[in-house]
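Engineer: First the structure, which I've put down as C-alpha coordinates, then a few questions once you've had a look.
The values are calculated or read from the model by the stated rules, or taken from the named source; none is laboratory data. What you see is a predicted model; the values in this text were computed from it and never measured. FYI the Cβ positions are ideal-geometry reconstructions off the backbone, even for glycines, and counts take in every protein chain you see.
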Amino acid sequence: MIFQKASSKNTEESTLATEGGYRDEPQQNDEVETVVGPSVNVEGDFASEGNIIVKGTVAGSVHTSRHLSVEAGAKVLANVRSGSATIAGEVRGNMKVKESIELTSTARVLGDIEAKILVVEAGALVSGKINMPGLETSEGKVRSARVSAAKKTDETVVA
(Lines give C-alpha, C1' and ligand atoms only; values in the text may rest on other atoms or scores of the structure.)
Protein backbone atom coordinates (compact mmCIF):
# COMPACT_ATOMS: atom_id res chain seq x y z
CA MET A 1 0.00 0.00 0.00
CA ILE A 2 1.01 3.61 -0.46
CA PHE A 3 0.04 5.93 2.35
CA GLN A 4 -0.10 9.67 2.07
CA LYS A 5 -0.48 12.08 4.92
CA ALA A 6 -1.07 15.77 5.17
CA SER A 7 -0.57 17.45 8.49
CA SER A 8 -2.76 20.16 9.88
CA LYS A 9 -1.32 23.64 10.03
CA ASN A 10 -2.51 23.87 13.64
CA THR A 11 -0.63 20.84 14.97
CA GLU A 12 2.98 19.68 15.12
CA GLU A 13 2.06 15.98 15.13
CA SER A 14 0.36 13.81 12.55
CA THR A 15 -0.65 10.17 12.40
CA LEU A 16 0.90 7.76 9.93
CA ALA A 17 -0.67 4.41 9.07
CA THR A 18 1.55 1.37 9.57
CA GLU A 19 0.97 -2.36 9.30
CA GLY A 20 0.49 -2.69 13.07
CA GLY A 21 -1.90 0.24 13.38
CA TYR A 22 -1.07 3.91 13.80
CA ARG A 23 1.82 5.72 15.37
CA ASP A 24 2.43 9.38 16.05
CA GLU A 25 5.28 10.92 14.13
CA PRO A 26 6.51 14.49 14.59
CA GLN A 27 5.99 16.57 11.47
CA GLN A 28 8.62 19.18 10.68
CA ASN A 29 6.53 21.08 8.17
CA ASP A 30 3.21 20.99 6.33
CA GLU A 31 4.28 18.82 3.40
CA VAL A 32 2.61 15.69 2.11
CA GLU A 33 4.62 12.50 2.53
CA THR A 34 4.28 9.36 0.47
CA VAL A 35 5.30 6.10 2.09
CA VAL A 36 5.92 2.93 0.09
CA GLY A 37 5.42 0.19 2.67
CA PRO A 38 7.75 -2.78 3.17
CA SER A 39 5.45 -5.23 1.38
CA VAL A 40 4.77 -2.91 -1.58
CA ASN A 41 6.30 -3.13 -5.07
CA VAL A 42 5.77 -0.07 -7.28
CA GLU A 43 6.50 -0.33 -11.02
CA GLY A 44 6.56 2.64 -13.38
CA ASP A 45 7.23 6.35 -13.02
CA PHE A 46 6.77 7.55 -9.45
CA ALA A 47 6.48 11.30 -8.81
CA SER A 48 5.50 13.35 -5.78
CA GLU A 49 5.56 17.01 -4.74
CA GLY A 50 6.24 16.02 -1.13
CA ASN A 51 8.69 13.83 0.72
CA ILE A 52 8.94 10.16 -0.27
CA ILE A 53 9.86 7.36 2.12
CA VAL A 54 10.63 3.99 0.51
CA LYS A 55 10.45 0.89 2.70
CA GLY A 56 9.59 -1.54 -0.12
CA THR A 57 10.64 -1.71 -3.79
CA VAL A 58 10.26 0.90 -6.52
CA ALA A 59 11.15 0.11 -10.17
CA GLY A 60 10.95 2.79 -12.87
CA SER A 61 11.81 6.40 -12.14
CA VAL A 62 11.45 8.38 -8.91
CA HIS A 63 11.05 12.17 -8.85
CA THR A 64 10.40 14.57 -5.99
CA SER A 65 11.37 18.17 -5.49
CA ARG A 66 11.60 17.42 -1.75
CA HIS A 67 13.35 14.70 0.30
CA LEU A 68 13.71 11.03 -0.66
CA SER A 69 14.45 8.49 2.06
CA VAL A 70 15.32 4.89 1.14
CA GLU A 71 15.30 2.87 4.33
CA ALA A 72 17.47 -0.15 5.15
CA GLY A 73 16.19 -3.21 3.29
CA ALA A 74 14.37 -1.11 0.67
CA LYS A 75 15.26 -1.15 -3.03
CA VAL A 76 14.97 1.52 -5.70
CA LEU A 77 15.63 0.11 -9.17
CA ALA A 78 15.28 3.43 -10.93
CA ASN A 79 16.83 6.72 -11.88
CA VAL A 80 16.21 9.25 -9.11
CA ARG A 81 15.76 13.04 -9.08
CA SER A 82 15.17 14.74 -5.73
CA GLY A 83 15.80 17.87 -3.72
CA SER A 84 17.72 15.93 -1.06
CA ALA A 85 18.12 12.27 -0.12
CA THR A 86 19.06 9.87 2.64
CA ILE A 87 19.95 6.36 1.48
CA ALA A 88 20.15 3.41 3.88
CA GLY A 89 18.94 0.75 1.41
CA GLU A 90 19.85 -0.09 -2.18
CA VAL A 91 19.61 2.15 -5.25
CA ARG A 92 20.34 0.77 -8.72
CA GLY A 93 20.21 3.76 -11.03
CA ASN A 94 21.60 7.24 -11.47
CA MET A 95 20.80 9.83 -8.82
CA LYS A 96 20.56 13.58 -9.45
CA VAL A 97 20.08 15.40 -6.15
CA LYS A 98 19.71 19.18 -6.12
CA GLU A 99 21.16 19.76 -2.63
CA SER A 100 22.57 17.04 -0.34
CA ILE A 101 22.65 13.26 -0.26
CA GLU A 102 23.59 11.16 2.75
CA LEU A 103 24.68 7.55 2.37
CA THR A 104 24.44 5.64 5.65
CA SER A 105 26.63 2.66 6.52
CA THR A 106 24.04 0.24 5.06
CA ALA A 107 23.65 2.12 1.73
CA ARG A 108 24.38 0.37 -1.57
CA VAL A 109 24.39 2.58 -4.68
CA LEU A 110 25.05 1.19 -8.16
CA GLY A 111 24.94 4.22 -10.43
CA ASP A 112 26.19 7.76 -10.88
CA ILE A 113 25.53 10.41 -8.21
CA GLU A 114 25.28 14.15 -8.81
CA ALA A 115 24.81 16.41 -5.77
CA LYS A 116 26.11 19.65 -4.24
CA ILE A 117 26.83 17.94 -0.91
CA LEU A 118 27.73 14.26 -0.39
CA VAL A 119 27.95 12.65 3.06
CA VAL A 120 29.19 9.04 3.19
CA GLU A 121 29.32 6.95 6.36
CA ALA A 122 31.93 4.20 6.73
CA GLY A 123 30.56 0.96 5.28
CA ALA A 124 28.48 2.51 2.48
CA LEU A 125 29.17 1.04 -0.95
CA VAL A 126 29.14 3.09 -4.17
CA SER A 127 29.85 1.89 -7.69
CA GLY A 128 29.59 4.80 -10.10
CA LYS A 129 30.72 8.29 -10.94
CA ILE A 130 30.40 11.10 -8.39
CA ASN A 131 29.82 14.60 -9.76
CA MET A 132 29.72 17.60 -7.44
CA PRO A 133 29.23 20.97 -9.16
CA GLY A 134 31.71 23.64 -8.12
CA LEU A 135 35.09 22.06 -8.91
CA GLU A 136 36.44 23.27 -12.22
CA THR A 137 39.58 22.18 -14.05
CA SER A 138 41.88 24.53 -15.95
CA GLU A 139 39.75 23.94 -19.07
CA GLY A 140 36.70 25.33 -17.25
CA LYS A 141 34.81 22.04 -17.19
CA VAL A 142 33.50 20.41 -14.04
CA ARG A 143 35.65 17.45 -13.10
CA SER A 144 34.19 14.24 -11.73
CA ALA A 145 35.93 11.27 -10.14
CA ARG A 146 35.37 7.54 -10.01
CA VAL A 147 34.93 6.46 -6.41
CA SER A 148 35.17 2.99 -4.91
CA ALA A 149 34.49 2.53 -1.22
CA ALA A 150 35.78 -0.58 0.56
CA LYS A 151 33.27 -2.37 2.80
CA LYS A 152 33.71 -1.97 6.56
CA THR A 153 36.65 0.43 6.29
CA ASP A 154 37.04 4.15 6.41
CA GLU A 155 38.99 4.14 3.14
CA THR A 156 37.70 5.82 0.02
CA VAL A 157 39.69 5.25 -3.14
CA VAL A 158 39.51 7.94 -5.83
CA ALA A 159 40.88 6.98 -9.25
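Engineer: I'd like the residue in segment 35-50 that is surrounded by 19 or more Cβ atoms within 10 Å (Cβ to Cβ) and not aliphatic (A, V, I, L, M) and, out of all such residues, is modelled with the lowest pLDDT.
Structural biologist: Selected residue: Phe46.
Engineer: Right, here's the next one. Can you name the residue in segment 51-101 that is basic (Lys, Arg) and part of a strand (DSSP E or B) and is also surrounded by the most Cβ atoms within 10 Å (Cβ to Cβ) among such residues?
Structural biologist: Here the answer is Arg81.
Engineer: Looking at (1) surrounded by 18 or more Cβ atoms within 10 Å (Cβ to Cβ); (2) modelled with pLDDT under 95, can you tell me which one Glu139 breaks?
Structural biologist: The number of the failed condition is (1).
Engineer: How many of the residues making up segment 102-130 are assigned to a strand (DSSP E or B) and surrounded by 17 or more Cβ atoms within 10 Å (Cβ to Cβ)?
Structural biologist: Total satisfying the criteria: 12.
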